[in-house]
Amino acid sequence: MLKYLLQDLHRYKKKSRNILSTFFFIPGCRYMFTFRACQFFSKYNPLGILFRIWNKRMQVKYGFQFLHTCKIGSGLFMAHYGNIVINTNSQLGNNCNIAQGVTIGNTKRGRKKGNPIIGNRVWIGTNAVIVGNIKIGDDVLIAPLSYINFDVPSNAVVAGNPAVIINYNGSSGYVENLA
């Protein structure tokens, strides 16, 4: 748990801020702390119960709608809070950036029935929707207002509704401050 917490904190820490001010003044950092603590402590542990209550309060306050049962790699960075929805069975890799309004969900029928698997160092723009049993490769940039329901290869830049691959410049330059 400590490894994940330190990598999450590193993604939020700016050069002008110390660790305490980063924790107290950045909601995404505080939420990820409660998220990791809920994953670490069992639901029968008194600390686990307290962290689950704190986590639920932060979900309501900031609009982060994903449970501690999600598989999220280290270094998740949410620059803005508000209406970030991640399905419980979805998977995110390490050092991903998620903007406000993003939905990562499942589909319950059709040939893409299931949940997305998102690779490492993926940048997901504002109001993007990623649904279905799809795989997003590493170093992918998903532009704002995109609807993704197909497999995306590594280093691709996708945009549009429905999304199309624009080029293969990837997310380098967008995903910064890596641990």
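Tabulated data for the structure shown
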{"read-out": "Those residues of the stretch 41-58 which are in contact with a helix residue (DSSP H, G or I) (Cβ under 8 Å, 6 or more places away or on another chain), surrounded by 14 or more Cβ atoms within 10 Å (Cβ to Cβ) and not charged (D, E, K, R), in sequence order", "value": "Phe41, Gly48, Phe51, Trp54, Asn55, Met58"}
{"read-out": "Count of residues meeting criterion [among the hydrophobic types (A, V, I, L, M, F, W, C) and more than 21 Å from Lys13 (Cα to Cα)] in the stretch 93-124", "value": "4"}
{"read-out": "Long-range neighbours under 7 Å by Cβ, at least six apart or interchain, first residue within 12 Å of Pro27 (Cβ to Cβ) within the stretch 49-60, second of a type in the set (Lys, Arg)", "value": "Met58/Arg30"}
{"read-out": "Answer residue from the stretch 110-131, given it is over 20 Å from Gln100 (Cβ atoms) and buried (at least 19 other Cβ atoms within 10 Å of the Cβ) and is farthest from the chain's Cα centre (by Cα) among those", "value": "Asn115"}
{"read-out": "Unique match (being under 22 Å from Asn127 (Cβ atoms), of a type in the set (Gly, Ala, Ser), at pLDDT below 90 and surrounded by 20 or more Cβ atoms within 10 Å (Cβ to Cβ)) among Gly93, Gly28, Gly82", "value": "Gly28"}
{"read-out": "Matching residues, the stretch 112-144, being farther than 19 Å from Ser74 by Cβ, assigned to a loop (DSSP other than H, G, I, E, B) and among the charged types (D, E, K, R)", "value": "Lys112, Lys113"}
{"read-out": "Sole exception among (1) of a type outside the set (Lys, Arg); (2) free of Cβ contacts under 8 Å to residues at least 24 places away in the same chain; (3) crowded, with 16+ Cβ neighbours inside 10 Å for Leu141, by number", "value": "(2)"}
{"read-out": "Every residue from the stretch 89-111 that is in contact (Cβ under 8 Å) with a residue 24 or more places away in the chain, out of contact with any Asp or Glu (no Cβ under 9 Å at 6 or more places or on another chain) and in a loop (DSSP other than H, G, I, E, B)", "value": "Asn89, Ser90, Asn94, Asn95, Cys96, Ala99, Gln100, Gly101, Val102, Asn106"}
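This table checks each residue for (1) buried (at least 16 other Cβ atoms within 10 Å of the Cβ); (2) under 26 Å from Gln7 (Cβ atoms); (3) out of contact with any Ser or Thr (no Cβ under 8 Å at 6 or more places or on another chain); (4) at pLDDT 90 or above.
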| site | (1), (2), (3), (4) |
| --- | --- |
| Thr69 | no, yes, no, no |
| Leu76 | yes, yes, yes, yes |
| Ile134 | yes, yes, yes, yes |
| Gly137 | yes, yes, no, yes |
| Ser146 | yes, no, yes, yes |
| Ala159 | yes, no, no, yes |
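The values are calculated or read from the model by the stated rules, or taken from the named source; none is laboratory data. Not measured: the values here are computed from a predicted model. Neighbour counts run over all protein chains shown; Cβ positions are idealised from the backbone, glycine included.
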